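Beneath this line is the structure, given in structure tokens, with notes to follow.
The values are calculated or read from the model by the stated rules, or taken from the named source; none is laboratory data. Since we're looking at a predicted model, the values are computed, not measured. Glycine also receives a Cβ, built like all others from the backbone with ideal geometry; neighbour counts cover every protein chain displayed. Note: areas computed on protein heavy atoms with side chains; ligands, DNA, RNA excluded. Shrake-Rupley method; radii C 1.70, N 1.55, O 1.52, S 1.80 Å.
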Amino acid sequence: MIRLALLCLVLHPLSGQSLRELAEQHKTRIGAAVAPAHLGEEPYAATLAREFNQVQPENATKFGPVHPARDSYNFVPADTLAAFAREHQMAMRGHTLLWHRQNPRWLTEGNFKPEELSAILHEHINSVMGHFAGQIYAWDVVNEAFNDDGTLRHTIWSDGLGPAYIEQALRWAHEADPKALLFYNDYSAEAINAKSDAIYKMAQDFKTRGVPLDGIGLQMHLRARESIPFESMAANIKRLTDLGLQVQITELDVRLPVDASGVASRGDLGLQALIYRGIARVCLLSARCTALQTWGFTDKYSWIPGEYPGFGAALLFDANYGPKASYNAFRDLLMPSIK
Ligand code: XIL
């Protein structure tokens, strides 16, 4: 009998509760970044709907893809995702209204004067947030505005509009969709360091002056063979949530060295699972860490091999949608008795 049960477990590693069901018991959200073009692939759509209760377009609502010409918007891919989210009762995040990457050439090469750039941005925020009002509950309004040393990054926005652009964008975003939660999102600002100090100071100032900011997104693009400062991450989440903000883990992945066919070593896959578990724990331990989201979910489609040659295998499911050790670690941690 026991043998039979074990055999069933091996044959059906996915029997039992899904990540989504477990997350719902914790009243939290487990999300994934999605490329709407893959939703027609049956195992992609089925895995997404079964395991996650939140989606976010990986690229479809960035400035370039969504606003490809000055007078035209392309909402079709993100609308497809919004329809999928509705059908499967999933929450949807939006990403991102202002960034220094993936901007269209008409914008970056337009040589706009500050007033014109300001009008363009205002109109962009109104149109995009207006279009998705009621469908997207939270927006990464500004992405990656700081350098690692805590200084403000030079971007089309900071250079053209001055350092107050973040505050201005948040105010316009609040007017465009007063019900949406507004986030500032960044990478390498998970633990306490110069960058997260700068973000903390900004958030504290915004809270004091009533600038509409609801949360901080911590991207969490990690590497398996580095030491992960879990304690310091928890301390950073605590100081942010003590300001009355939410924190969401927005882009978690843990990249591994891979061979030419994209295969990682068993040892690294084990390390990766420990990191996924540790991050889930850090988030679940805070009542105001309100979402845990990975940057994609299958190793079949991940930005890692393109961005970091020689690395890959960064997600919860392998390229055939099989659950990895990282999935099991995530799931164990979400089991109600373990926290
Ligand atoms: C990445 C996408 O995954 C890629 O497909 C695209 O080519 C570049 O952008 N931080 C972010 C995300 O905030 O928007 C980035 O997404 C990954 C790093």
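Label the chain by shape, choosing from rounded, prolate and oblate, from the square roots a ≥ b ≥ c of the eigenvalues of the Cα gyration tensor; if a/c is under 1.5 it is rounded, and otherwise prolate applies when a/b is larger than b/c, oblate when it is not. It comes out prolate by the Cα gyration axes. Hydrophobic, long helices, defined as DSSP H runs whose alpha-carbon span along the helix axis is 20 Å or greater and whose mean Kyte-Doolittle value is at least -1.0, occur in the chain at 114-132, 194-209, 266-284.
Beta-bridge orientation, the chain: approximately 10 percent antiparallel, per DSSP, counting only bridges with both partners inside. The helix-only estimate of mean residue ellipticity at 222 nm for the chain, built from DSSP H runs of length n ≥ 4 each weighted as -39500 (n - 2.57), is -12500 deg cm²/dmol after division by the residue total. Contact order, relative form, for region 128-257: 26 percent (alpha carbon pairs under 8 Å, 6 or more residues apart, mean separation divided by residue count). Surface calculation, 1.4 Å probe, protein heavy atoms: Tyr200 sits at approximately 50 Å² accessible. So which lysines pass the test for Lys195, namely a Cα distance under 19 Å, with those fewer than 8 places away in the same chain ruled out? Partners within reach: Lys207, Lys238.
With the simple model of a label 7 Å out from the Cα in the direction of the Cβ, His154 to Ser232 spans 2.8 nm. Separation of the alpha carbons by more than 27 angstrom is noted, of Lys62/Lys113; Lys62/Lys300; Lys27/Lys62, for Lys27/Lys62. Using the 1.4 Å probe convention, the accessible area of the chain works out to 43 Å² per residue with neighbouring protein chains retained. Taken about its Cα centre, region 22-155 carries a charge dipole of about 140 debye when Lys and Arg each add +1 at the Cβ and Asp and Glu each add -1 at the Cβ. With r defined as the distance between the Cβ atoms of Asn193 and Glu307 and R0 fixed at 30 Å, what FRET efficiency is calculated, to the nearest 0.05? With a Förster radius of 30 Å, E is 0.85.
Using a probe of 1.4 Å on the protein chains alone, the accessible area found for His88 is around 60 Å². Applying both filters, DSSP loop and at most 15 other Cβ atoms within 10 Å, to the GluC sites (Glu not before Pro) of region 164-258 gives Glu226. With a/c under 1.5 counting as rounded, go ahead and sort region 83-156 into rounded, prolate or oblate using the C-alpha gyration tensor (a ≥ b ≥ c being the square roots of the eigenvalues; past the cut-off, prolate if a/b is larger than b/c, else oblate). Oblate, since a/c reaches 1.5 and b/c is not below a/b.
Given +1 at the Cβ of Lys and Arg, -1 at the Cβ of Asp and Glu and no other charges, the dipole of the chain around its Cα centre is 920 debye to the nearest 20.
Between the alpha-carbon centres of region 294-318 and region 33-76 there is a gap of 17 Å.
Loop-only trypsin sites (Lys or Arg not before Pro) in region 147-220, please: DSSP not H, G, I, E or B, and at most 12 other Cβ atoms within 10 Å. Here the trypsin sites (Lys or Arg not before Pro) that fit, given the DSSP loop and packing criteria, are Lys179. Taking each residue as 0.36 nm, the span from Asp205 to Asp332 lengthens on full extension beyond its C-alpha to C-alpha distance by 41.9 nm. Between Asn147 and Gln102, residue separation times 0.36 nm minus the direct Cα-Cα distance comes to 14.4 nm.
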